[in-house]
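The values are calculated or read from the model by the stated rules, or taken from the named source; none is laboratory data. None of these values were measured; they are calculated from a predicted model. Reconstructed Cβ throughout: ideal geometry from the backbone, glycine too, with neighbour counts over all protein chains shown. Note: areas computed on protein heavy atoms with side chains; ligands, DNA, RNA excluded. Shrake-Rupley method; radii C 1.70, N 1.55, O 1.52, S 1.80 Å.
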Amino acid sequence: LRSYLRDESSRLRRLRRFYEKVQALHQDPEASVDNPLLAFSLIKRLHSDWPNIIYSDEATSNTQALHAGLREVEQELPGTEDLDGAARALMRLQDVYALSVKGLANGVFQRAGPPPLYSPGRRVSLSADDCFHVGKVAYDTGDYYHSIAWLEEAVSLFRLSYGSWNLEDRSSLEDALDHLAFSYFMAGNISHALSLSREFLRYADPSNQRVSRNVAKYKKLLEMGTGARARWDWQGCHGPPPPLSPPHALLGPLSPQPAPEQLLHLSCTYETNSSPYLLLQPAKKEMVWIQPYVALYHDFITDAEAETIKGLAGPWLQRSVVASGEKQQKADYRISKSAWLKDTADPVVRALDRRIAAVTGLDLRPPYAEYLQVVNYGLGGHYEPHFDHATSMKSPLYRMKSGNRIATIMIYLSAVEAGGSTAFIYANFSVPVVKNAALFWWNLRRNGNGDGDTLHAGCPVLAGDKWVANKWIHEHGQEFRRPCSADPQD
């Protein structure tokens, strides 16, 4: 684009010089076609100079170069799935962190009261067309709860600009009014749907027959005094809309409030775990919770090690999958990219395995542990509440033939500016992202049953780029390292 603008600017400068020369000749009151030189110049200009300028191939070749440049990088550019996913991410952040849509459109991450949840160094606002696209993504899936909020903001911004249209916009005030009216109708607010449809006819397209028919039907429904939704062909939208869907589940702020007896056991210690590996450099262990058992090891890896692991995983990142019956598949409740690293991938990965074995006291030799999984959570990246251990014997986790996942260690490879906490739902506490720290918890009780208190979620990343590395350790091979208890309920 920069190259195109430079070439076009040069062409337009030459065109302006030609225009100024022509203008000067025409405006000279002393000039007379009696002058043979002036007469020749006039004839030549009218015969050849003008056509050469008007039919110049330069403008075409500049445009062709711009198109060719786009084709070269087109495969690397975001697609429709990426754009719609980014819109859904904004709606997810809106729900989970109870953010105001108007605030988001103004570049402010504002909750119900001050201060803002996050204050970016550079404030970026959304255009009317931006808000329309987010609302349209919700509208296309029948999510009228979100479409109303975002289309309202789009209409408001379009009104402020008096409905003016920008070259890069794909929508207009008419589009926003059209979709917002139907969203209100589907949400049961027929009177507001009627008001918006009338505004559409008044200012946008008075001859639109479809909207005119809708106005008549809205009036009839109001006269009948019923909120029942009429069914008719909504031409130009997307066929019969799906039923109204509820908003995403709201995950409110979690405030840890451990019982007094738990507080006695929450402490920070230097941990050697009877391991020679840790004698000279003990692990910095912070007990976060007792039930479930959750510990945070600070400074577990160095900045250089974290960058190495991210660099190794980067080229192999793919959309994360989840277990579904006996298969694995992509799911909207887990938005991230991940890659798997063997311990042979790099000495840093091998050293990390030894460090994990030392602090946990568990056997990580194959097949007792899975490869290191490196995960990147980008815009609104999250993982809804889930267990790490298998809850069904048909789970793909059992293909390793080493039992269920007894423990998880999750290493934070990066910091984030806001969001991204690991929330333990039933235990009602959350752990924020602590760069270079490792979070450890037991997934199974000593009797081999899954620990229901380990239900956890990766909260959406509000600002930043969250990288983690997961190591899942299985129960086989740990019989003498974490033996069962004399109490079968333990």
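Heavy atoms only, probe 1.4 angstrom, no DNA, RNA or ligands counted: give me S402, S125 ranked by accessible area, highest first.
Details: S402 0, S125 70 Å².
Most to least solvent-accessible, the answer reads S125, S402.
For W316, W472, write out the residues from largest to smallest accessible area, computed with a 1.4 angstrom probe and no ligands counted.
Working: W316 175, W472 20 Å².
Largest to smallest exposure gives the sequence W316, W472.
Can you quote the Å³ per residue value for the convex hull of the Cα atoms in region 1-224, rounded to an integer?
Output value, Cα hull per residue: 229 Å³.
Taking the solvent-accessible surface of protein heavy atoms with a 1.4 Å probe, what is the per residue accessible area of the chain in Å²? Before the final figure, lay out the partial values.
On the way: 27380 Å² over 490 residues.
So the chain comes to 56 Å² accessible per residue, rounded to a whole number.
Region 416-456 to region 144-186: how many Å between their Cα centroids?
Distance between centres, Cα-based: 41 Å.
Work out how much length R2 to Q318 would gain on full extension: take 0.36 nm times their residue separation and subtract the Cα-Cα distance, in nm to one decimal.
Values: separation 316, 0.36 × 316 = 113.76 nm, distance 3.20 nm.
That pair, R2 and Q318, stretches by 110.6 nm at full extension.
I'd like the accessible area for H382: 1.4 Å probe, protein heavy atoms, all chains in place, Å² to the nearest 10.
Counting only protein heavy atoms, the figure is 10 Å².
With the cut-off at 15 Å, report for region 74-175 the share of all Cα pairs above it, as a whole percent. Each step should come with its number before you reach the end.
Numbers: 3276 of 5151 pairs.
In whole percent, the share of Cα-Cα pairs in region 74-175 beyond 15 Å is 64.
Quick one: in region 258-474, what % of C-alpha pairs are over 25 Å apart?
Numbers: 8459 of 23436 pairs.
Roughly 36 percent, rounded to a whole number.
Just to make sure I understand: if all protein chains stay in place, what is the order of T454, T308 by accessible area at 1.4 Å, largest first?
I get T308, T454, largest accessible area first.
Evaluate E = 1/(1 + (r/R0)^6) for D205 and H26, where r is the Cβ-Cβ distance and R0 equals 41 Å; express this FRET efficiency to the nearest 0.05.
That gives a FRET efficiency of 0.40.
Given (1) 31.7, 120; (2) 23.6, 88; (3) 26.7, 88 as candidate values of Rg and Dmax of the Cα atoms in Å, which corresponds to the one derived from the coordinates?
(1)
Ignoring ligands, DNA and RNA, what percent of the accessible area of the chain is carbon or sulfur (1.4 Å)? Write out the running numbers ahead of the final one.
Values: 14870 of 27380 Å².
C and S atoms contribute 54 percent here.
Please calculate the 1.4 Å probe accessible area of W340, with all protein chains present, and give it to the nearest 10 Å².
Its accessible surface works out to 120 Å², give or take rounding.
All other residues with a Cβ under 13 Å from the Cβ of S61 taken together, and with Lys, Arg as +1 and Asp, Glu as -1, what is their net charge? Could you put the intermediate results ahead of the total?
Working: positive: R11; negative: D7, E8, D57, E58.
Value of the local net charge: -3.
Given R₀ = 30 Å, FRET efficiency for L278-A486 by Cβ-Cβ distance, to 0.05?
Working from the Cβ atoms, E equals 0.55.
For a quick check of understanding: with a 1.4 angstrom probe and all protein chains in place, what accessible area in square angstrom does Y277 have, to the nearest ten?
We get 100 Å² for Y277.
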